[in-house]
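The values are calculated or read from the model by the stated rules, or taken from the named source; none is laboratory data. For clarity, every value in this text was computed on a predicted model and none was experimentally measured. When we count neighbours, we look across all protein chains shown, and the Cβ atoms used for this are built from the backbone with ideal geometry, even at glycine. Note: accessible area is taken over every heavy atom of the protein model, side chains too, but ligands, DNA and RNA are not part of it. Shrake-Rupley method; radii C 1.70, N 1.55, O 1.52, S 1.80 Å.
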Amino acid sequence: MAGLLIVDTEAGAVELRDTGTFERLAVRSLRSMPHEVVVDRQRGLGYISISYEDGFYGHYEKASHFVEVVSLDGLRPLRSIDLSPHWGPHGLQLSPDLRTLLITCESHGGELIALDLETDEVTGSVPVGAPGPHWLTLTPDGTKVFTANKEEPFVTVVDVASMTVTGRIETPCGTEGIAVSPDGAQVFVAGRRSPHLYLVDVAADRLTAALPLEEGPGAVAVTPDGRRVVFTSFNFDVWNENPVLRRGFVQVLELPSRELGPRIPVGRFPLNVTTSSEGGTAYVANYKDDTVSVVDLDEMTVTDTRPVGEGPHGLAYLDAPAGD
């Protein structure tokens, strides 16, 4: 049995669903406003960022400074990690050796921090030069982090070993989602106020293409086989105070041909996307509809849309155990 881990931000909870039946196998209450999740399958752990105590990005009174740890077996709560004096954690990435958790935070003008998972101590931090670093991606060898910065026209490049900024990649109008290819050669970045998907050469830290889209993309994922980049479109201006929320879309960029597939309608505010391990299925979290859409990436169709908890945000696909 494969599973889908879903962070329900508005409900303040995390839940585990069977991807075959979508039966809810477990649910666990968390602190208010959980956001993203990464999983350590080797140890059976899930790490969840708690970004705020109330509100949402740009509209909150008090930020949080916690990462919650749960077991993947039954979502049992294991511990709370206090990141103070760092706050506003959002994006999460595990190092290849599973000993370090890299986290973007809104504290101190926007920073990347490194958390030692054996001691729960922050062992390094570096300002990324932008007040709103949100999503991030880590190269498969664990050497470089790229942060997407909502409020600044560049992606920040950080050398993990030294925790220093080594570059800025110009991406006009800020960025949303970001993901790296499995071979570590390319990074794909969603333009925030610009209808483009940016392609970055990892070795050179250089923008190689800006692919025009019908509207600005949102979340980004790359299938584990490296064949496809899957991204959502929110279909409203995220920077407007009172946007009209319409159904969003999911779309695929085929690699290496760079052929764009059709825009597939999903729910309102498709805030996140992940894929199955074989790369044939995408799961889209529709934040404002409290649903998850299941998308067949070969047929380019939505095969199912299921109700989940309130405000689905972070997603993680869990492979079935060997012999299941």
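Structure above, values below:
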read-out: Which listed residue, of T147, T171, is over 20 Å from P34 (Cα atoms), out of contact with any helix residue (DSSP H, G or I) (no Cβ under 7 Å at 6 or more places or on another chain) and of a type outside the set (G, A, S); value: T171
read-out: Number of the exception - E121 against (1) among the acidic types (D, E); (2) touching a residue at least 12 places away in the same chain (Cβ under 8 Å); (3) touching a strand residue (DSSP E or B) at 6+ places or on another chain (Cβ under 9 Å); (4) surrounded by fewer than 20 Cβ atoms within 10 Å (Cβ to Cβ); value: (2)
read-out: Those strands (runs of 3 or more DSSP E) lying entirely in the range 1-104 with at least 1 residues open to solvent by less than 10 Å² (accessible area, probe 1.4 Å) and modelled with pLDDT of 95 or more; value: 3-8, 13-18, 34-40, 45-52, 63-71, 77-82, 89-94
read-out: Selection count, the range 176-193, where residues are within 16 Å of the chain's Cα centre (by Cα) and free of Cβ contacts under 8 Å to residues at least 40 places away in the same chain; value: 1
read-out: Tally of residues being among the hydrophobic types (A, V, I, L, M, F, W, C) and open to solvent by 10 Å² or more (accessible area, probe 1.4 Å) across the range 155-169; value: 4
read-out: Qualifying residues in the range 289-317 (those that are aliphatic (A, V, I, L, M) and surrounded by fewer than 19 Cβ atoms within 10 Å (Cβ to Cβ)) - the one modelled with the highest pLDDT; value: V302
read-out: Residues of the range 144-166 classified as farther than 24 Å from G226 by Cα and either out of contact with any Ser or Thr (no Cβ under 8 Å at 6 or more places or on another chain) or among the aliphatic types (A, V, I, L, M) (or both), total; value: 8
read-out: Subset of the range 144-177 (residues that are among the hydrophobic types (A, V, I, L, M, F, W, C), outside any strand (DSSP E or B) and on the phi < 0 side of the Ramachandran plot); value: V160, A161
read-out: Residue in the range 113-135 that is under 16 Å from the mean Cα position of the chain (by Cα) and assigned to a loop (DSSP other than H, G, I, E, B) present; value: yes
read-out: Selected residue (only one of R206, R247 is touching a Gly at 6+ places or on another chain (Cβ under 8 Å), of a type in the set (K, R) and either closer than 21 Å to V128 by Cβ or surrounded by fewer than 20 Cβ atoms within 10 Å (Cβ to Cβ) (or both)); value: R247
read-out: Failed criterion for G46 (all others in (1) small (G, A, S); (2) over 19 Å from the mean Cα position of the chain (by Cα); (3) within 30 Å of T291 (Cβ to Cβ) hold); value: (2)
read-out: Residue, nearest to L207 (Cα to Cα), within the range 140-153, restricted to residues that are open to solvent by 10 Å² or more (accessible area, probe 1.4 Å) and not acidic (D, E); value: P153
read-out: Cross-chain or 6+ apart pairs with Cβ under 7 Å, the range 126-142 first and in contact (Cβ under 8 Å) with a residue 60 or more places away in the chain, then crowded, with 24+ Cβ neighbours inside 10 Å and of a type in the set (S, T, Y); value: H134/T104
read-out: Out of D159, D120, D141, sole residue that is modelled with pLDDT of 95 or more and within 25 Å of Y52 (Cα to Cα); value: D120
read-out: Failed condition for W135, given (1) open to solvent by less than 10 Å² (accessible area, probe 1.4 Å); (2) over 12 Å from L101 (Cβ atoms); value: (1)
